[in-house]
Every structure is written in C-alpha cells, then in structure tokens.
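Heads up: the structure comes next, in structure tokens.
A short reminder: the numbers here are calculations on the coordinates, not readings from a lab. Keep in mind the model is a prediction, meaning the values are calculated, not measured. Note that each Cβ is placed from the backbone with ideal geometry, even for glycine, and that neighbours are counted across all protein chains shown.
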Ligand SMILES: [Zn+2]
C-alpha cells in the first residue's frame, strides 16, 4: 500500500514541469513543507511492520531525495534563492549568533549634554526653536542694522526673499531668545542648544552648519558681575578648577557692552602650543549685557529689567576637549572616528 503510494508520487515528481516560480512554490507546498506529502509518508512509514520498513525505508528516502533535488534544480534554474535552506538555518539554534554593533554617542552630543548639565544645575532651562527663521527673529529684533554684513548672501542661506521679512536658515540660536522673550515676561533663565547654518565654504576650520549653545538671563538687577561669575563657574566645571579666564571687549549688535571670553589653553596649560597659537589663551565664547533695544523689541521694559547673554560653538568646545583639528570629521560619520568616544557613554 505505502509502496504503491511512493511509486505513484515518484512518477508524478519525475514527470512534473517546474518552469515558473508559482509552480516551484506549489511543488514545495505539496511535497516539502511540514504538512506535505513526504512528511505524511514518513508518518505512515512508522505504522508498517519491521519487515516492510527494511524495504520501504530505502525507497522512501530515495523518493525524498528525488523531490528535494527536483525542487533545488528548479529553483536554481529560475533564479530563486534557496529559501528552504535559509529558513532551515534560521531554525538551527546551535549556529553561532550574528554580532551587531551598537552605536556610540557623537562627541558633539556628549559635549552638548555636559554643557546643558552644568547650566541646569544653575537653574537654566533648555529652550528650542525652529531652524527656519524669518528676518525679524534672526536679525531685526536682535538689533542688526539693515546694512549689517551678516545679512549678505555670503553668510546666510536664504530660503525665500520677501519684502521686509526674508525667510532663512537661522545663523545663530539667538532667534530662540527672541521667541522666548516675546512670549512672556522676565525672569528668563534659559540655554538654547541647536544647529545653525552659515553660507561658508567647507574646510578643516569652517563648515556650512555647526552647533551652538546660547544662554540668556533676564531679571531685575542682573549685572555684568553675574555674567562673569556664571561663565567662570561654567568653565571650571567643564575644563577643571585650574582653568583661568579673561574677558576682552568686543562688539555684537545684540549686546552692550560686549565681550569675548578666553580661557587658558587646555592643551598646553598656558605655556604655548599650536592650538593657542603660542599665546596661552583660546577664545571660547562671546557674551555681553542684552542691548536695551533688543529687550524693547521683545516687549520687555528695559528700564526695569537687565540681562546677560552668551553664545558658544559646541564644535569649538569639543575641539579643545578632544584636540580634534578638522571640523569635517564631525559630519562624515566615519566609524573609526566615532568609535573613539565609546568610553564616554554616560
Ligand atoms: Zn596652548
């Protein structure tokens, strides 16, 4: 009985034409799957007598090989991948597992996180805003005169020119400060981390986008002494207690007075090296007292309130921390570079 069945199926398999993917699949479903004919024949095989088993075992195995071979040859001929073999491999739990790499935090993310944590402890909240800005929030409200060079096409990526209020990619995160002040009344104490864009040629020292953290503190009686102490604390937390700071007078449209802050070179400790151009000092941020015009533009009474603001490039802070000399490394996604910061995962 079983022998006849095997004989009939063998004839069927020998004569069947497997010319299309559908025919091959139909064949697989009829003969080779778990509920297919071959499995059912083996089930039946279990029920026959010992004597029959001796004969039929060989016949049945030959039939199984015939069907499998037919399937394999047909698959290869019409270019199907050997899915059966693949699924068999998947089911084999004794095979070694496939390793996969976990990513690590980007150095810029690590440093941004560190900066944010320091200011958070001083009571600063984190504020965010859009990367596509209008002229008012990016320039006008911040006291940029119409002829200011930062408005030139060379520095700014304009998206849309429209009378009196161009749309552009923000050139600094100061626009977030404007948005924040417009929405409420002091006190404000916030930092604004984010990506900014400048229309510059990409080189080791310049890029068309980079990252900033800006800070703003507006309240009654805020003075330049508060600014100095806040930034001094920040630098000591970030680079160590032995780090010295100095302020140099500067100019920004949105602060008055304005200053640039230098720290003693973190690489050579102040004795002079290539990073500090042998001066012992490196500039890390710009800062100043918020210009009364800016406060008034945002609907804040400049007679009652004063404030300070500061801004730094995260790339620059990171360069000083890790001695990275080429800005382009930050955006190339080279795993050999990124992997060096794995141990810094917090
Ligand atoms: Zn140095």
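Here are a few things to note about the model shown:
- The chain, helix-only ellipticity at 222 nm - DSSP H runs n ≥ 4, -39,500 (n - 2.57), divided by all residues, nearest 500: -11500 deg cm²/dmol
- Computed over all pairs of different Cα atoms, the Kirkwood value for the hydrodynamic radius of the stretch 238-346 is 16.3 Å.
- Tensor-based shape of the stretch 107-341 (alpha-carbon gyration tensor, a/c under 1.5 rounded, otherwise prolate or oblate): oblate
- Peptide ranges 209-220, 45-56 listed from the most packed, as the mean C-beta count within 10 angstrom indicates: 209-220, 45-56
- C-alpha long axis of helix 50-77 to longest principal axis of the chain, angle in °: 50 degrees
- Estimated FRET transfer efficiency when R0 is 56 angstrom, pair residue 326-residue 11 (beta carbons, to 0.05): 0.15
- The chain: angle of helix 2-15 to the longest principal axis, Cα-based, in degrees nearest 10: 60 degrees
- Relative to the longest principal axis of the Cα atoms of the chain, the long axis of helix 107-121 lies at roughly 50 degrees.
- In percent, rounded to a whole number, the relative contact order of the chain is 15, using alpha-carbon pairs under 8 Å and six or more apart.
- Projecting label points 7 angstrom from Cα along Cα→Cβ for residue 54 and residue 163 puts them 10.6 nm apart.
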